[in-house]
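Q: Dropping a structure here in structure tokens format, bear with me for questions.
The values are calculated or read from the model by the stated rules, or taken from the named source; none is laboratory data. On a predicted model such as this, the values are computed, not experimentally measured, just so you know. Here the Cβ positions follow ideal geometry from the backbone for every residue, glycine too, while neighbour counts run over all protein chains shown.
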Amino acid sequence: MTRLIIGIPSKGRLQENTAEFFAGAGLKIVQPGGDRNYRGAIKGLDSVEIAFLSASEIARELAAGSIHFGITGLDLVHESIATPDKLVHVVTPLGFGPADVVVAVPKAWIDVETMADLGDVASDFRNRHGRRLRVATKYVTLTRAFFARHGIADYWIVESAGATEGAPAAGSAELIVDITTTGSTLEANALKILADGVILKSQAHLVASLKADWSGEALSAARTILDRVAAEETARGSRLVRAHVPDTRGAIKDVLPMGAELIYGLPVEGGVLSLLCPRDLVPDCSQALIAHGATAVSVEKPDYIFRSTNRLYDPLAAKVNG
Ligand SMILES: Nc1ncnc2c1ncn2[C@@H]1O[C@H](COP(=O)(O)OP(=O)(O)OP(=O)(O)O)[C@@H](O)[C@H]1O
Ligand SMILES: O=P(O)(O)OC[C@H]1O[C@H](OP(=O)(O)OP(=O)(O)O)[C@H](O)[C@@H]1O
Ligand SMILES: [Mg+2]
């Protein structure tokens, strides 16, 4: 009886949005042991267990296979997992926690705008000072891979535990690699991002472990959860549009290319058309139906659209079964 274990951020900037994300999918997270108990559950889903962890722990536990699903930043997935392709499967981006991992140098370095410029400075620096440029960061893996891709080898990493942006002014490094959202911390420290210095555009993702034990109830619980998540995502972006259209064929010819879908298949000629329509296209779609003889068009906001195929679950199942 393997239960499905989901790691969710117990603190920090991803915590609140994560709770909202589950609530949106109709999944209520409960903490029976109270705030200080780091295990929880999802109401009504007995085969699921919640592990409250920090965002960075979630990335590590996914790699180790001690949790099945986790919500964490893509930056942490790529930083703390050496071979993400082998160990995890990225299920879907979640639309919150945006942040870029960037290479930033002092604004005073007016001749340095690109990674190529930085490469030149790095060689010069070594010749002139007899030591290498120092890069302060906690993104050691991402930094090494990115600098190697740009052919830069003359540098030294100074591992930073926090307040990385302060390192150049403090004299403990020449430049930094760190995460930024609004840019205000970089600005406050007189640093600028190199033009081609964005290493990774991160946001929170739902990530699955390929190392976890997917036997027992784990996979079917995953399906239950991903069905709801996908059903809610599809519903959020769409509207149900219904109308009695005398010229059914003509109407279909117009609305399908717009991106509308015959959600219950073809109606009989002259019958009621049921369309699933991208939210933004509802006015155009309704116009077209009226042009083909509808006297009224009703538009409803669906809560969920469940489908026999699931674009989130199917690729995961293929990987863990294969
Ligand atoms: N402005 C931001 N600055 C830093 N991280 C951000 C920002 N916006 C979103 N994030 C995301 O949040 C993650 C960090 O979250 P948080 O600091 O809560 O967790 P943590 O680093 O695991 O905790 P701790 O720093 O206590 O170890 C980042 O890795 C990134 O994915
Ligand atoms: O571009 P901005 O919007 O200014 O945000 C980026 C800053 O926020 C984070 O620091 P945090 O407050 O999490 O402190 P920490 O580095 O000690 O975790 C991050 O490490 C940057 O320093
Ligand atoms: Mg932090």
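Q: So, restricting to strands (runs of 3 or more DSSP E) that lie completely within region 141-207, which ones have at least 3 residues that are within 20 Å of D111 (Cβ to Cβ) and among the charged types (D, E, K, R)?
A: So the answer is none; nothing clears 3.
Q: Could you list, in sequence order, the residues of region 50-65 that are crowded, with 18+ Cβ neighbours inside 10 Å and outside any helix (DSSP H, G or I)?
A: Listed by number, the residues that qualify are I50, A51, F52, L53.
Q: Could you name every one of the helices (runs of 4 or more DSSP H) located completely within region 70-129 that has at least 2 residues being in contact with a helix residue (DSSP H, G or I) (Cβ under 6 Å, 6 or more places away or on another chain) and over 22 Å from L312 (Cα atoms)?
A: Hits in region 70-129: 74-80.
Q: Has region 269-291 got at least one residue that is part of a loop (DSSP other than H, G, I, E, B) and buried (at least 16 other Cβ atoms within 10 Å of the Cβ)?
A: Within region 269-291 (the criterion being part of a loop (DSSP other than H, G, I, E, B) and buried (at least 16 other Cβ atoms within 10 Å of the Cβ)), the answer is no, since none of the residues qualifies.
Q: For region 20-33, does any single residue satisfy the condition of being charged (D, E, K, R), exposed (fewer than 15 other Cβ atoms within 10 Å of the Cβ) and more than 15 Å from L206 (Cα to Cα)?
A: Yes, that holds for at least one residue.
Q: Okay, moving on. So is D100 more than 20 Å from L210 (Cβ to Cβ), buried (at least 18 other Cβ atoms within 10 Å of the Cβ) and within 16 Å of ligand 1 (Cβ to nearest atom) or not?
A: Answer is yes for this residue.
Q: Oh, and also: Could you grab me the full set of residues in region 15-49 that are assigned to a loop (DSSP other than H, G, I, E, B) and within 16 Å of ligand 1 (Cβ to nearest atom)?
A: Y38 - this is the single residue of region 15-49 that is assigned to a loop (DSSP other than H, G, I, E, B) and within 16 Å of ligand 1 (Cβ to nearest atom).
Q: Being part of a loop (DSSP other than H, G, I, E, B), at negative phi and touching a strand residue (DSSP E or B) at 6+ places or on another chain (Cβ under 7 Å) narrows it down to one of P246, P302, so name that one.
A: P302
Q: Please determine, by comparing only the residues of region 244-275 that are of a type outside the set (V, I, T) and in contact (Cβ under 8 Å) with a residue 40 or more places away in the chain, which one is nearest to S298 (Cα to Cα).
A: The residue in question is H244.
Q: What are the residues in region 170-221 that are away from ligand 2 (no atom under 14 Å from the Cβ) and free of Cβ contacts under 8 Å to residues at least 24 places away in the same chain, if any?
A: Those that are away from ligand 2 (no atom under 14 Å from the Cβ) and free of Cβ contacts under 8 Å to residues at least 24 places away in the same chain: A170, G171.
Q: Hey, another quick one. Within region 253-268, work out how many residues are in a helix (DSSP H, G or I) and within 35 Å of the chain's Cα centre (by Cα).
A: Selection size over region 253-268: 5.
Q: Of (1) at pLDDT below 95; (2) loosely packed, with under 15 Cβ neighbours inside 10 Å; (3) not β-branched (V, I, T), Q15 satisfies all except one. Which?
A: With (1) at pLDDT below 95; (2) loosely packed, with under 15 Cβ neighbours inside 10 Å; (3) not β-branched (V, I, T) applied to Q15, the lone miss is (2).
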